[in-house]
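Below is one structure, written out as C-alpha cells; the observations come after it.
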Amino acid sequence: MSDEADILSDPEFQRILTLRSRWRWGLSGLLIGAYLIWAVGGIYYSAAYAAPFMGIALPWGMAVGLVIIALSIVLSIAYVRIVNRLEAEEIVERDKHQ
Amino acid sequence: MTGTGPNITAIAVFVAFVSLSLFITWWASKKTHSAGEFYTAGGKITGFQNGLALAGDFMSAATFLGLTGLAFIGGADAMLYTVAITVSWAFILFAFADRMRNLGRYTFADVVAYRLHPERMRVLAAAGTLTVAIPYLIAQMVGAGSLIETLFNIPYLGAVMIVGTLMTIYVVFGGMLATTWVQVTKAVLLLAGGTVLLVLVFARFGFSIDTLFERAGDLHPRGRGVFLPGVLYDDPISIISLGLAFICGTAGLPHVLMRFFTVPDAQQARNSIGYAVGIIGYFQAAIMIVGIGAIALLIGDGEYVDEAGRITGGANMVSIHLSRLVGGEVFFGLIAAVAFATILAVVAGILLSASAAVAHDFYARVIRKGDISDDAEVKVSRFATVVIAGVAMGLSVLFQNVNVAILSTIALAVAASVNFPAIFLALFWSGLTTRGAVAGGVTGLVVVVALIILSPTVWVNVLGNANAVFPYAYPTLFSVAAAFAVTITVSLTDRSERATTDRAGFPAQLVRSEIGEKP
C-alpha cells in the first residue's frame, strides 16, 4: 500500500497522469464533438450538405464525413505515439527511483 | 439469386477457408491447456495481429453487407453509421485501452470487480455479457442462415447447423488462439475482397470520384436528393441516440473488450487498437464509396433492381450483386464465400466471450469463489461453450423470421447502457460504489428493454400498433443517461460499509491502471 502512496505522491507520476488525461479527454471530446456537430448539422443544413464539394459531384456532407474518418485515424496514430513516448519516460523515471 | 445453382468458386473458396480454419484449430488445440491460454491465448498475440482480429470482430456481415445496402437505400445518411463506427474505435483507444489492459486478466469483469464487491460485480458483468452476446449471436446466425440459403442453396436449418457446429469446434478445441487466427484470416480475406471490389467499382468510372457521384445522382429515383441528409432520421434526438449507441455500445461489447487481454501489455493493447482504427476507418470509407457505386451501377440493370427500385433478394445483397456485375462469376463466388467466413469468425468470438462470462466470472469466481483448479475451469468453459452454442442454435431456428436489426439494436444498446457506464465509472470515478454500479446496471437494462419494446421497431412493426409510444429507433440517449444518473446518485448517497472499501480502493487501482502489473 505504501508503494502505491509513494507513486501517487510522486510529482513525475502526477505530471504524466495529467498529461495523459489531457490527451485522453481532449482527443475524445474533439472527435465525438466533431461527429455530433456534423451529424446533427445535416438536419438543419441539408441543402448545403448535398451541394457539390469544390466543383466535383461528391457532396459536401459526405466529404466532411470522410474527413472525420481520416481525422480519427490520424489522431489515433498520434495518440499511440504520444502515450508510448510518455510511458517510456515513466519507466525511465521509475527505474531511477529504484 | 437469379436462378443460378451453387457457385463453384464460392464453394471451393469456402471449403478452403473451413479446411484452413480447422487446421488452425488443430494447431491451436495443442497450445491451449490453461485457462489463460483458453480465454486470452496466453497474452501472446502481437499488436498487429490483435489489431486485425479486433477490426475483424467489427467487420461483421452486418457492416459489410448491411451498410452497403444502407448506402444504397439511405444515401448520405448511411454515413451516420460509418463515421460513428470509426469514431467509436478511436474513443475506445483514448479512453479504455491502457487502463483496461492493466487492470484485467480475462474479461471486462476483472476490471469492474477490481476494487468493487467482486461477486456482485461479476454477476452483473456476466449478466451484461450474456444479454449482449445471446441476441448478437442469434442476429448473426439468423442473418447467416438466410444468406447461406440464398448463396449456397443450403436449407436454413442446415446453414444454422454448419455455422453452429464450426463455431463450437473453434472455441472448444482452439480457445482464443484459434478464434483469433480464424478472425485474422477472415479480416485479411475481407479487406482484400473489399479492396478489389472498390477498385473494380472505381474502374467503371475511370477512377473518377466526380463521375461516380454524378452517375449516382443522375440514376437515383430521388436524383441528387440521395445526397441530402435526413432521409433515415430527421431529428437531433434520434441522431444523437444513434451516435451514442455506437460510441458507448462498441466500448461495451464483451468480445471486443476481451481482446485487450490477448496481448502482452498495455502498449501492445494500445498499438493493436491503433491498427484497428486504421483498418476499420479505411473499410468504412470504402463501404460508403462501394454503396454509392452500387447506386450508379445497379439501378437501371433489370437483373438486380426491379421496376419499383427494390434490390433482388433484399438490401443485404447489394455488395453481392455488385461483385458479380463488376467481377464476374469467380469474383462473386469469392465475395460470397468471404461473407460466410466473416459470419463464422464473428460468432466464434462472441461465443467465447459468453462462455468466459459463464465459466470464469460466474462459475469459477462467484459459485466456487476462485477455489477451482485451472484444469477444471477449462473443462467448465468447454462445457459452457457447447451449451451456449446449442441454445443459440435452437433460438436461431425459433426466431428465423425475427427482424435481425432488432436483435442487433438490443445487443448494442445493452452494451452501451449496462456495460459501458459500469466500466467507465469504475475506471475514472473514485466515488463509484458497488451498490451504485448494480443499481445503474439494472436501470440501464430495464430502460433499454422497455424503450425498445415501445419503439417503432417493435411496438408498430412487430406488435401492429398504429403509433409508437417511444418515437425513436435507438433508446441509448435515454437509457445511457438513466444508467449514469442512477449509478451516480446511488453511489453518492451510499453510506454502507462496502462503499467505504470501494472508494478507498481507487488510489491503488489508479496506480495499477496507469503503470501495470509491476509497480
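Every number here is computed from the coordinates shown, using simple stated rules; none is lab data. It should be emphasised that the depicted structure is a prediction, and the values quoted were computed from it without experimental measurement. Here Cβ is always computed from backbone atoms with ideal geometry, including for glycine, and neighbour counts include all displayed protein chains.
Considering only B:155, B:336, B:411, and ranking their Cα positions along the charge dipole of the protein assembly as shown that arises from unit charges at the beta-carbon of Lys, Arg, Asp and Glu, the one farthest toward the positive end is B:411. For the stretch B:322-451, dividing the convex hull volume of the Cα atoms by the residue count gives 188 Å³ per residue.
Sorted largest first, the principal axis extents computed over the alpha-carbon atoms of chain B equal 70, 52, 41 Å. For the stretch B:441-519, what D do you get in µm² per second when you plug the Kirkwood radius from alpha-carbon pairs into Stokes-Einstein at 25 °C and 0.890 mPa s? For the chosen part, D equals 159 µm²/s.
With a 10 Å cut-off around each Cβ of B:93-102, the average count of Cβ atoms from other chains is 4. Volume per residue of the convex hull around the Cα atoms, evaluated for the stretch B:240-279, comes out as 77 Å³.
Kirkwood radius and radius of gyration were both taken over the C-alpha atoms of the stretch B:195-278, and their ratio Rg/Rh is 1.16. What the Cα atoms of the stretch A:1-90 give is an Rg and a Dmax of 19.8, 65 Å.
The angle between the Cα long axis of helix B:506-515 and the main principal axis of chain B comes to about 50°, on a 0 to 90 degree scale. Along the Cα-to-Cβ line of residue B:470, 7 Å from the Cα, sits a label point; which residues in the stretch B:208-243 have backbone N less than 19 Å from it? Residues passing the 19 Å test: B:233-243.
Using every pair of separate Cα atoms, the Kirkwood estimate puts the hydrodynamic radius of the stretch B:218-325 at 17.2 angstrom.
Here the Kirkwood formula, the inverse mean of 1/r across different C-alpha pairs, assigns the stretch B:116-161 a hydrodynamic radius of 12.3 Å.
Adding -39500 (n - 2.57) for every DSSP H run of four residues or longer, then dividing by how many residues the protein assembly as shown holds, sets the calculated 222 nm ellipticity at -24500 deg cm²/dmol.
Of all complete DSSP H helices in chain A, those with a Cα span along the helix axis of 15 Å or greater and a mean Kyte-Doolittle hydropathy of 0.5 or more are A:60-97. Pairwise Cα distances in the stretch B:360-519 exceed 26 Å for 49 percent of all pairs.
Sort B:90-102, A:9-21 by packing, meaning the average of other beta carbons within 10 Å per residue, with the highest value first. Intermediate results must be reported in sequence, preceding the final value.
Working: B:90-102: 25.0, A:9-21: 14.2.
Going from most to least packed, we get B:90-102, A:9-21.
Peptide B:200-213: average number of partner chain Cβ atoms within 10 Å per residue? The per-residue average across the peptide is 2. Distance between the C-alpha centres of the stretch A:43-98 and the stretch B:187-212: 24 Å, rounded to the whole angstrom. Our summary of shape: the Cα atoms of the stretch B:215-258 have principal axis extents of 46, 24, 10 Å, ordered from largest down, in whole angstrom. Residue ranges B:404-417, A:71-84, B:299-312 sort as B:404-417, A:71-84, B:299-312 when ordered by packing (mean number of other C-beta atoms within 10 Å per residue, highest first).
Peptide B:435-444 is shielded by partner chain Cβ atoms: per residue, an average of 0 of them sit within 10 Å of its Cβ.
Relative to the compact-globule estimate of 2.2 N^0.38 Å, the Cα radius of gyration of the stretch B:142-271 comes out at 1.48. When the Cα convex hull of the stretch B:376-439 is projected onto planes of every orientation, the mean area is 6.6 nm². If R0 is taken as 30 Å, the Cβ-Cβ distance between residue B:149 and residue B:209 corresponds to a FRET efficiency of 0.25.
What is the distance in Å between the Cα centroid of the stretch B:25-43 and that of the stretch B:392-463? Their Cα centres are 31 Å away from one another.
Mind checking the stretch B:1-64 for trypsin sites (Lys or Arg not before Pro) that DSSP puts in a loop (not H, G, I, E or B) and that have at most 12 other Cβ atoms within 10 Å? For trypsin sites (Lys or Arg not before Pro) across the stretch B:1-64 that sit outside H, G, I, E and B with at most 12 neighbouring Cβ atoms in 10 Å, the list reads B:30. Restricting the calculation to Cα atoms, the stretch B:1-136 yields a radius of gyration followed by a Dmax of 19.6, 60 Å.
For the pair residue A:48 and residue A:84, label points projected 7 Å from Cα toward Cβ lie 3.9 nm apart.
With a Förster radius of 35 Å, plug the Cβ-Cβ distance of residue B:165 and residue B:489 into 1/(1 + (r/R0)^6) and report the FRET value to the nearest 0.05.
Details: r = 47 Å, r/R0 = 1.35.
For residue B:165 and residue B:489, the calculated efficiency is 0.15.
The C-alpha atoms of chain B define a longest principal axis, and helix B:404-414 lies at about 30 degrees to it.
For chain B, the longest principal axis of the alpha carbon atoms and the long axis of helix B:8-29 meet at an angle near 20°.
Let's see if you can work this out: charge +1 on each Lys and Arg Cβ, -1 on each Asp and Glu Cβ, no other charges. What is the dipole magnitude of the stretch B:168-308 about its Cα centre, in debye to the nearest 20?
Numbers: 7 positive and 10 negative charges, 118 e Å.
Roughly 560 debye, rounded to the nearest 20.
Packing, taken as the mean count of other beta carbons within 10 Å per residue, orders the peptides B:216-226, A:55-65 from highest to lowest as A:55-65, B:216-226. Normalised radius of gyration (Cα atoms, divided by 2.2 N^0.38 Å) for the stretch B:89-203: 1.40. I need the fraction of alpha carbon pairs in the protein assembly as shown separated by more than 44 Å, rounded to a whole percent. Cα-Cα pairs in the protein assembly as shown separated by more than 44 Å: 16 percent.
Quote the charge dipole size of chain A about the Cα centre in Debye, to the nearest 20; the model charges only the Cβ of Lys and Arg (+1) and of Asp and Glu (-1). Walk me through the intermediate numbers first.
Working: 8 positive and 10 negative charges, 126 e Å.
The calculated dipole for chain A is roughly 600 debye.
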